[in-house]
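The values are calculated or read from the model by the stated rules, or taken from the named source; none is laboratory data. Everything numeric here is computed off the predicted structure, so don't read it as measured data. Don't worry about glycine lacking a Cβ; one is built from the backbone with ideal geometry, like all the others, and counts go over all protein chains shown.
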Amino acid sequence: MNPNKSMTCTSLPRPAWYWLIPLPLLEAALLVSWSSGFVGARFSIDYAPALLVVFWRCVVVTLVLFPFVARSLRRTSPSVLLKNAGIGLLAMAGYLGGITQGIALGVPAGLAALVADLLPMGLALLAAGVLRQRLAWQVWVGLLIGLLGVTLVTQGALAWGNAPLWAYGLPLLGMLSLAVATLWQKHLPAEQSLGLLPNLWLQCCVSGLAFALVEGVHGSLAPLPSTGFALSVLWTAGLSTMGGYGLYWLCLRRATATRVASVLYLSPPITMLWAWAMFNEPLSWQMVVGMAVSGIGIWLVVGTEARQAASSR
């Protein structure tokens with residue numbers, strides 16, 4: 001046996017564990033956990049202010065993850081921590097704050113959710129307009145078809161509220177905040193990226209501080225002594241933050257930002273399935289049709305990007 005050959009084989013770096021899981025499986029888990037955030041918000045509004053729950057979910061994730069990330073964070077330079085903290089503020093504080101504050105000011109939840117679901121289009125427009133990336137026309141068609149499906153699904157929940165006119169811009173700013181954070185994270189050099197858990201910890205830490213400043217101005221940050229509040233925090237911390245955001249960044253390491261965001265077009269119908277199972281909210285054939293239309297759009301986006309990747313090899 002050639003010893004040099006043995007050394008070469010054994011010195012090859014092992015792929016990260018998430019490269020061993022089929023990407024569609026990760027995307028399916030992302031859809032379930034991401035949609036759980038809207039369900040958690042729907043559940044929590046009966047027990048506490050929305051931002052108070054968001055603040056405490058950040059606190060819980062920060063405390064739980066700290067023992068697992070402390071060593072990694074100590075070895076990271078301040079400049080890298082600062083850049084990743086900026087991404088976290090945009091992705092979590094900007095996105096969640098814009099949507100929840102819009103709803104708190106009177107923007108109907110269905111309309112706010114529809115604006116949040118514009119993320120794939122927001123990403124594509126920013127990539128094309130700011131980063132000068134060229135997307136195939138099939139991708140644009142797929143994104144528009146997916147958006148049409150989302151509109152069909154959510155049409156029954158759409159309504160105009162009595163919020164101030166400027167408040168309707170908050171969900172849009174929240175969506176654009178996540179879009180900017182996604183592109184920033186995707187184009188961050190490898191040596192400036194954090195591992196999955198340190199990145200999630202840092203995002204929750206800085207976002208928790210931001211939510212503390214905002215919510216602290218309006219009232220107390222003390223947790224409410226109720227089972228409903230505790231369940232709301234645990235639900236959103238575990239499923240929505242560690243599951244939803246964790247899988248979002250995980251999928252982003254495996255695929256393009258356009259593909260990952262387009263998959264989220266299926267989040268509204270899955271959210272409505274959650275709501276039907278938990279709150280007995282009605283389902284309709286229009287939702288099924290919308291889900292099928294969104295699926296066609298996603299299939300077009302994924303298929304086009306797969307062919308482009310294969311031809312570039």
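Go through the residues of region 208-223 one by one and say whether even a single one is among the hydroxyl-bearing types (Ser, Thr, Tyr), buried (at least 21 other Cβ atoms within 10 Å of the Cβ) and under 27 Å from Ile45 (Cβ atoms).
Residues of region 208-223 that are among the hydroxyl-bearing types (Ser, Thr, Tyr), as a first pass: 220.
With buried (at least 21 other Cβ atoms within 10 Å of the Cβ) added as a condition, the list becomes none.
For region 208-223, residues among the hydroxyl-bearing types (Ser, Thr, Tyr), buried (at least 21 other Cβ atoms within 10 Å of the Cβ) and under 27 Å from Ile45 (Cβ atoms): absent.
How many residues, within region 55-92, are farther than 18 Å from Trp235 by Cα and either of a type outside the set (Lys, Arg) or without any contact (Cβ under 8 Å) to a residue 12 or more places away in the chain (or both)? Before the answer, list the steps.
The initial filter retains those residues of region 55-92 that are farther than 18 Å from Trp235 by Cα, namely 66-91.
Next, from what is left, pick out any that are either of a type outside the set (Lys, Arg) or without any contact (Cβ under 8 Å) to a residue 12 or more places away in the chain (or both): 66-82, 84-91.
Residues flagged as farther than 18 Å from Trp235 by Cα and either of a type outside the set (Lys, Arg) or without any contact (Cβ under 8 Å) to a residue 12 or more places away in the chain (or both) within region 55-92 amount to 25.
State all residues of region 265-313 that are outside any helix (DSSP H, G or I), among the polar types (S, T, N, Q) and without any contact (Cβ under 8 Å) to a residue 60 or more places away in the chain; if no residue qualifies, say none.
Initially, region 265-313 is screened for residues outside any helix (DSSP H, G or I), giving 280-284, 312-313.
Restricting the remaining residues to those that are among the polar types (S, T, N, Q) gives 280, 284, 312.
Matches in region 265-313: Asn280, Ser312.
Looking at Ser177, Ser226, Ser262 in this structure, which one is buried (at least 20 other Cβ atoms within 10 Å of the Cβ) and over 29 Å from Phe68 (Cα atoms)? Break it down stepwise before answering.
On the way: Ser177 fails: over 29 Å from Phe68 (Cα atoms); Ser226 fails: buried (at least 20 other Cβ atoms within 10 Å of the Cβ).
Exactly one of Ser177, Ser226, Ser262 is buried (at least 20 other Cβ atoms within 10 Å of the Cβ) and over 29 Å from Phe68 (Cα atoms), namely Ser262.
Conditions tested, residue by residue: (1) assigned to a helix (DSSP H, G or I); (2) more than 27 Å from Gly122 (Cβ to Cβ).
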{"site": "Met175", "(1), (2)": "yes, no"}
{"site": "Leu183", "(1), (2)": "yes, no"}
{"site": "Leu200", "(1), (2)": "yes, no"}
{"site": "Gln203", "(1), (2)": "yes, no"}
{"site": "Gly208", "(1), (2)": "yes, no"}
{"site": "Val214", "(1), (2)": "yes, no"}
{"site": "Val217", "(1), (2)": "yes, yes"}
{"site": "Pro223", "(1), (2)": "no, yes"}
{"site": "Ser232", "(1), (2)": "yes, yes"}
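Which is without any contact (Cβ under 8 Å) to a residue 24 or more places away in the chain and more than 21 Å from Glu305 (Cβ to Cβ), of Leu111, Leu209, Leu172, Leu125? It would help to see each step written out before you state the result.
Working: Leu111 fails: without any contact (Cβ under 8 Å) to a residue 24 or more places away in the chain; Leu172 fails: without any contact (Cβ under 8 Å) to a residue 24 or more places away in the chain; Leu125 fails: more than 21 Å from Glu305 (Cβ to Cβ).
The match here is Leu209.
For region 87-123: of the residues being part of a helix (DSSP H, G or I) and more than 16 Å from the chain's Cα centre (by Cα), which is farthest from Arg259 (Cα to Cα)?
Per the criteria, the residue is Ala104.
Restricting the search to region 276-288, which residues are on the phi < 0 side of the Ramachandran plot and either surrounded by fewer than 19 Cβ atoms within 10 Å (Cβ to Cβ) or modelled with pLDDT of 80 or more (or both)?
Step one: list which residues in region 276-288 are on the phi < 0 side of the Ramachandran plot, which gives 276-279, 281-288.
Residues satisfying the conditions are Trp276, Ala277, Met278, Phe279, Glu281, Pro282, Leu283, Ser284, Trp285, Gln286, Val288.
Taking interchain pairs and intrachain pairs at least six residues apart, which have beta carbon atoms under 7 angstrom, with the first residue in region 230-242 and at positive phi and basic (Lys, Arg) and the second modelled with pLDDT of 90 or more and buried (at least 20 other Cβ atoms within 10 Å of the Cβ)?
Taking only residues 6 or more apart or on different chains, not a single pair turns up.
Would you pick out the residues in region 43-55 that are more than 14 Å from Gly219 (Cα to Cα), more than 17 Å from the chain's Cα centre (by Cα) and part of a helix (DSSP H, G or I)? First the steps, then the outcome.
Step one: filter region 43-55 for residues more than 14 Å from Gly219 (Cα to Cα), giving 43-47, 54.
So of that shortlist, the ones also more than 17 Å from the chain's Cα centre (by Cα) come out as 43-47.
Correct list: Phe43, Ser44.
Kindly indicate whether any position in region 41-54 is closer than 19 Å to Ala277 by Cβ, modelled with pLDDT under 90 and among the small types (Gly, Ala, Ser).
Within region 41-54 (the criterion being closer than 19 Å to Ala277 by Cβ, modelled with pLDDT under 90 and among the small types (Gly, Ala, Ser)), the answer is yes, since at least one residue qualifies.
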